[in-house]
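The values are calculated or read from the model by the stated rules, or taken from the named source; none is laboratory data. In this text, all values refer to a predicted model and were calculated from it rather than measured experimentally. Using ideal geometry, Cβ is built from the backbone for each residue, glycine included, and neighbour counts are taken over all protein chains shown.
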Amino acid sequence: MQQNMAWWLAGPHAPNSEWSAFSQALMQVTQPIQVVDVGNTLAIAQGGASLLGAMPPQGNSAYPLKAFVPALHPSQLGSAVFRERHRLHFAYIAGAMANGIASTDIVKAMARQGMLGFFGSAGLAPARVEAAIRELKQELGDLPFGSNLIHSPNEPGLEQEVVDLYLREGVRLVSASAYLDLTLPLIHYRVKGIYKDAQGVVRCPNQIVAKVSRVEVARKFFAPPPEKMLRALVESGQITEAEATLAEHIPVAHDLTAEADSGGHTDNRSCIVLLPLMVQLRDEFMARYQYKQPLCVGLAGGIATPVSAAAAFSMGADFIVTGSINQACQEAGTSPPVRELLAQTRQADVTMAPAADMFEMGVQVQVLKRGTMFALRGKKLYELYRKYDSLQDIPQKERTVLERDYFRCSLEEAWAQTKAFFDERDPRQNERALRDPKHLMALVFRSYLGRASRWANSGEASRKIDYQIWCGPAMGAFNAWTQGSFLEDVANRRVGIVAMNLMLGASVLTRFNWLRGQGLQLPSALQHFAPLSLESIQALLG
């Protein structure tokens, strides 16, 4: 018979063997859990004292201690380094969904919850981004927030313009997304203003949270900026020689998000494969470069329930990032019809479609297929682009369908509208299009793809069949989890409530797994965490 090695010295309350006591103990995450043996029955013990040792103490009422779980406040999940670096209470990020879907309202709600939100600047005109940044600075004061910086291989001038805006406005944190390689604007942002403090420590005012799904790209973000790029920036006068020298001591990004199967730009990676690879890479680069500040790796893609949040932290994620589920919340910069469609989404209701910003490269984004024909139409446009060299080469039968169903005007009129757009945004695109008919065709096709997301955001009723709604399978998991609860109603979905439920639920489920890991056989019902109101969560957390 195995000898008991720990004891519980009884306090003022007798042990409680009701399963409701176990459920209550799991929910009270700010208190430890002590499970004792009372006549071969497991019971929850409150108060008293736990004692390690093979023999029970004399003169005390003692029970064999079968399991002990410490308190686990949601603010303890993830990396303390990450939280301190960005002045956060919780290691939780609301990701930067483009076209302002990750709105200023989302960013403000996250900041006030002690979390981090990134404004979804991708796809917006610099003037709109500037207005959003100034709004956030004015209303949030010293609270942390960030904004998106998306790789724009077809519009490098726009990427530089956004970087110049961020530097001018003092935006100290960006989410670098969709990068296939490092770019000069990205390195310019990271290195500008770097200095050595009085203690000789290199300080970099501008922080990057890189979102990647490929190891080869992650390696570039965890390494110092390339010497060739630093030289080019010095020669152009964008950084000083001293800044270039100091840049050798820092990574391009201290923080990296492993992007698994997500909405929007994604490689559909498996999170349970991707995250461990990125964590291993983090440790490899820390050992190689001996950075003064630790590197951190978070997880995005599929984070939609307390179970997935708990799994991410258990696998070693320093922080978690949500996306699709925020789009279904009231603060998101999208329309009521989109929220209703998202609320009906099941796990299999998503598919891949061509990306507007990287159309010619064949890059795809994950979108909702339920209730929209966007994915089918987007794939048809890419098929035509691959097959023909110009709009004039497209057969009349195909042309008729495009003009009637896609553009609702002649292709010549579609080009005129596209040209007017790029006259303001990037005239060089039009200059190239006049020399290259295939590029002209690509710009026209991209105009449909780009406007499809704006039709969704504005709720354009006549274009509902064309809505482009970025969405991953996480949305279906979220809907299944919230079914029958107050969060099933779209009107009740707010990013702060959702985030706190995920974090509290992750704490509860983590403690459940700790109990199970000590050999306890517990009812499976105890690992089901139902959504709670914000008031109930605050009461539990004190």
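Mind listing whichever residues of region 364-403 are β-branched (Val, Ile, Thr) and either in contact with a Lys or Arg (Cβ under 8 Å, 6 or more places away or on another chain) or surrounded by 20 or more Cβ atoms within 10 Å (Cβ to Cβ) (or both)? Steps first, answer last, please.
If we filter region 364-403 for residues that are β-branched (Val, Ile, Thr), which is where we start, we get 365, 367, 372, 394, 400-401.
Passing the criteria: Val365, Val367, Thr372.
Grab the helices (runs of 4 or more DSSP H) fully contained in region 408-515, keeping just those with 1 or more residues being closer than 21 Å to Ala96 by Cα and not assigned by TED's automatic domain parsing to the domain that holds Ala96.
On the way: elements: 411-425, 427-435, 437-458, 474-482.
Here the list reads 437-458, 474-482.
Is it the case that region 170-185 has a residue that's touching a helix residue (DSSP H, G or I) at 6+ places or on another chain (Cβ under 8 Å), more than 20 Å from Arg288 (Cβ to Cβ) and touching a residue at least 60 places away in the same chain (Cβ under 8 Å)?
Filtering region 170-185 down to residues touching a helix residue (DSSP H, G or I) at 6+ places or on another chain (Cβ under 8 Å) leaves 170-171, 173-174, 176, 179-185.
Those still in the list that are more than 20 Å from Arg288 (Cβ to Cβ) too: 170-171, 173-174, 176, 179-181, 183-185.
Then drop every residue that is not touching a residue at least 60 places away in the same chain (Cβ under 8 Å), which leaves 173, 176.
Yes, the conditions are met somewhere in region 170-185.
When you check Glu139 against the structure, is it touching a Ser or Thr at 6+ places or on another chain (Cβ under 6 Å), surrounded by fewer than 21 Cβ atoms within 10 Å (Cβ to Cβ), closer than 25 Å to His89 by Cα and touching a residue at least 12 places away in the same chain (Cβ under 8 Å), yes or no? Don't jump to the end; show me each part of the working.
Values: touching a Ser or Thr at 6+ places or on another chain (Cβ under 6 Å): no; surrounded by fewer than 21 Cβ atoms within 10 Å (Cβ to Cβ): yes; closer than 25 Å to His89 by Cα: yes; touching a residue at least 12 places away in the same chain (Cβ under 8 Å): yes.
No: the conditions fail for Glu139.
Among the residues making up region 250-289, those that are within 13 Å of Gly323 (Cβ to Cβ) and either in a loop (DSSP other than H, G, I, E, B) or in contact with a Cys (Cβ under 8 Å, 6 or more places away or on another chain) (or both) are Ala260, Asp261, Ser262, Gly263, Thr266. When region 404-424 is filtered for residues that are closer than 19 Å to Pro437 by Cα, in contact with a helix residue (DSSP H, G or I) (Cβ under 6 Å, 6 or more places away or on another chain) and surrounded by 14 or more Cβ atoms within 10 Å (Cβ to Cβ), the ones remaining, listed by number, are Phe407, Leu411, Ala414, Trp415, Thr418, Lys419, Phe422.
All of Phe90, Phe82 fail the test of being in the same structural domain as Ala328 (by TED's automatic domain parsing), in contact with a Cys (Cβ under 8 Å, 6 or more places away or on another chain), modelled with pLDDT of 95 or more and not β-branched (Val, Ile, Thr), apart from Phe82.
Among the residues that make up region 373-382, is at least one of them over 19 Å from Arg463 (Cβ atoms), assigned to a helix (DSSP H, G or I) and touching a Phe, Trp or Tyr at 6+ places or on another chain (Cβ under 9 Å)? Yes, region 373-382 has at least one match. Anything in region 18-36 that is buried (at least 16 other Cβ atoms within 10 Å of the Cβ) and over 39 Å from the mean Cα position of the chain (by Cα)? List them, or say none. Of everything in region 18-36, just one residue is buried (at least 16 other Cβ atoms within 10 Å of the Cβ) and over 39 Å from the mean Cα position of the chain (by Cα), namely Val36.
Quick one: in region 292-304, of everything that is within 14 Å of the chain's Cα centre (by Cα) and part of a loop (DSSP other than H, G, I, E, B), which residue is surrounded by the most Cβ atoms within 10 Å (Cβ to Cβ)? Before the answer, list the steps.
Residues of region 292-304 within 14 Å of the chain's Cα centre (by Cα): 297-304.
Next, only the ones that are part of a loop (DSSP other than H, G, I, E, B) stay: 301-304.
Values: Gly301: 33, Gly302: 25, Ile303: 30, Ala304: 26.
It comes out as Gly301.
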